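Step one of this worksheet: look at the structure below.
The values are calculated or read from the model by the stated rules, or taken from the named source; none is laboratory data. Owing to the predicted nature of the structure, the values given are computational and were not obtained by experimental measurement. FYI the Cβ positions are ideal-geometry reconstructions off the backbone, even for glycines, and counts take in every protein chain you see.
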Amino acid sequence: MKQSVLFTKTRKEAPKDEVSLNAKLLIRGGFIHKRMAGVYEYLPLGLLVLNNIIGVIREEMNAIGGQEMKLSALQDKATWETTGRWDDEKIPVWFKTRLKEGAELGLGFTHEEPLTELMRGYVSSYKDLPVYPYQFQTKFRNEERAKSGIIRTREFIMKDLYSFSRSEAEHRAFYEQCAGAYRKIFKRLGIGEITYRTFASGGVFSTYSDEFQTLSQAGEDTIYIDEAKGIAVNKEVYTDDVLKDLGLEKKNLKEKRSVEVGNIFSLGTRFSDAFKLAFKDENGAQKSAVMGSYGIGPGRLMGVIVETLADEKGIVWPSEAAPFAFHLLNIGGGDEKVRAYTDTLYKKLLKVGIAVLYDDRDLRAGEKFADSDLIGIPKRIVVSGKTLEAKNIEVVERKTGKTKHVAEAELFHRGA
């Protein structure tokens, strides 16, 4: 991508009505556009980041046996009445509409009901299980508060995986496998060290559910961390009995603000019983499938990455989320030799499959550096009259500011 043809432009100031750091920086950098409160649109740079995050999640879900699919956002009233969750008093975040002939529909906020109903057509024997379908799907939630940028929105993409197992033991084994996959995802996206598996309420399904909470002052949650054990407890279940059950002591816990970036929880047989999703076991006995639900919001992850890794200059993308691997800057002014060399280098990088954003604009060096810091691509390649004369290339790490000069060949063979 050449920056001169990128239709989005960086901004010095964020909209005055934005209060969250992630929205301010993402709007200023040209990654997102605010349509209305709680609704954001992903521009070319932002969509590249979002798709990279989705790619990381997809790889880890496939690695544990997930099968990707995509369900409808439009929801049938009768399906949800089966479990009583069509009721607005029970589920206050519904967006509902009507067909022209008057039938009422909803916009999906989650998909336990429709997927369980669908699975009845594919599960009848113990040989059909376990199965782990998942999707990346747009959800709609009529949130009362939507002031945290892309961390909490009314329209968002959710990765929701649902497990269907033959027994509680089989379910628990996959549950832990998925927890491990989540840890890998957060590590790959640069927030592993500040993200904790957090015990929270399990509701009617189990003693506990598991949230994955990332430390951030932008967070709406309060957690208590045992750093030595690497686990935390959500404030909602922070009682003496819970701490005793988990083997935690108050003196070892630190109170922190955090953002929930993922959750996993057991569903038992509530939905499979409601929809009569049963199978015959090895002895011919009818049993209900044991279910679990596992969610991550890629857009929320994107916002949390910005909130937690940004510095005073702008965004700092981890390599697996970044829109490009390199930001190539020509700061040779009007020097035609510098321009010709940078143009050729850009073509070489593209030829070998290296993702690069080329700032070929006719701007002062200071403006290009400021934009590069704001956009946050992991490595900056600088070409100037001085580097051309020295027959090397300047490479700057965005995260550390560390600068080194390398030969062109090293840029290709070692990734600088």
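Would you check which residues across the range 372-414 are of a type outside the set (Asp, Glu), touching a His at 6+ places or on another chain (Cβ under 8 Å) and either under 15 Å from residue 344 (Cβ atoms) or free of Cβ contacts under 8 Å to residues at least 24 places away in the same chain (or both) and list them?
381, 387, 390, 392, 393, 395
Any residue that is surrounded by 16 or more Cβ atoms within 10 Å (Cβ to Cβ), aliphatic (A, V, I, L, M), out of contact with any Lys or Arg (no Cβ under 9 Å at 6 or more places or on another chain) and farther than 22 Å from residue 173 by Cα - is there at least one of those in the range 110-128?
yes
Count, please, the residues in the range 125-153 that happen to be of a type in the set (Gly, Ala, Ser) and either assigned to a strand (DSSP E or B) or in contact with a Cys (Cβ under 9 Å, 6 or more places away or on another chain) (or both).
Total meeting the criteria: 1.
Which members of the range 130-150 meet the condition of being touching a Ser or Thr at 6+ places or on another chain (Cβ under 7 Å), surrounded by 21 or more Cβ atoms within 10 Å (Cβ to Cβ) and aliphatic (A, V, I, L, M)?
Selection gives nothing.
Count, please, the residues in the range 154-178 that happen to be outside any strand (DSSP E or B), polar (S, T, N, Q) and either modelled with pLDDT under 95 or buried (at least 21 other Cβ atoms within 10 Å of the Cβ) (or both).
The number of residues fulfilling the criteria is 0.
Which one is surrounded by the most Cβ atoms within 10 Å (Cβ to Cβ) among residues in the range 23-55 that are among the basic types (Lys, Arg) and not in a helix (DSSP H, G or I)?
Checked the range 23-55; the qualifying residue surrounded by the most Cβ atoms within 10 Å (Cβ to Cβ) is 34.
Conditions (1) more than 16 Å from residue 71 (Cα to Cα); (2) acidic (Asp, Glu); (3) outside the structural domain of residue 296 (by TED's automatic domain parsing); (4) touching a His at 6+ places or on another chain (Cβ under 6 Å), marked per residue:
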position: 123; (1), (2), (3), (4): yes, no, no, no
position: 127; (1), (2), (3), (4): yes, no, no, no
position: 130; (1), (2), (3), (4): yes, no, no, no
position: 143; (1), (2), (3), (4): yes, yes, no, no
position: 152; (1), (2), (3), (4): yes, no, no, no
position: 156; (1), (2), (3), (4): no, no, no, no
position: 164; (1), (2), (3), (4): yes, no, no, no
position: 171; (1), (2), (3), (4): yes, no, no, no
position: 175; (1), (2), (3), (4): yes, no, no, no
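Are any residues in the range 200-210 farther than 21 Å from residue 185 by Cα and assigned to a strand (DSSP E or B), and if so, which ones?
201, 208
Conditions (1) farther than 29 Å from residue 22 by Cβ; (2) touching a Ser or Thr at 6+ places or on another chain (Cβ under 6 Å); (3) in a loop (DSSP other than H, G, I, E, B), marked per residue:
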site: 198; (1), (2), (3): no, no, no
site: 212; (1), (2), (3): no, yes, no
site: 217; (1), (2), (3): no, no, yes
site: 225; (1), (2), (3): no, no, no
site: 232; (1), (2), (3): no, yes, no
site: 244; (1), (2), (3): yes, no, no
site: 257; (1), (2), (3): no, no, no
site: 260; (1), (2), (3): no, no, no
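Cβ-Cβ below 6 Å, separation at least six or inter-chain, first residue in the range 297-323 and farther than 22 Å from residue 370 by Cβ, second polar (S, T, N, Q) and part of a helix (DSSP H, G or I): which pairs?
303/22
Being surrounded by fewer than 18 Cβ atoms within 10 Å (Cβ to Cβ), in a helix (DSSP H, G or I) and either in contact (Cβ under 8 Å) with a residue 24 or more places away in the chain or in the same structural domain as residue 146 (by TED's automatic domain parsing) (or both) is the requirement here; does residue 68 meet it?
No.
Looking only at the range 279-296, which residues are free of Cβ contacts under 8 Å to residues at least 40 places away in the same chain and either buried (at least 17 other Cβ atoms within 10 Å of the Cβ) or not in a loop (DSSP other than H, G, I, E, B) (or both)?
Of everything in the range 279-296, those that are free of Cβ contacts under 8 Å to residues at least 40 places away in the same chain and either buried (at least 17 other Cβ atoms within 10 Å of the Cβ) or not in a loop (DSSP other than H, G, I, E, B) (or both) turn out to be 286, 288.
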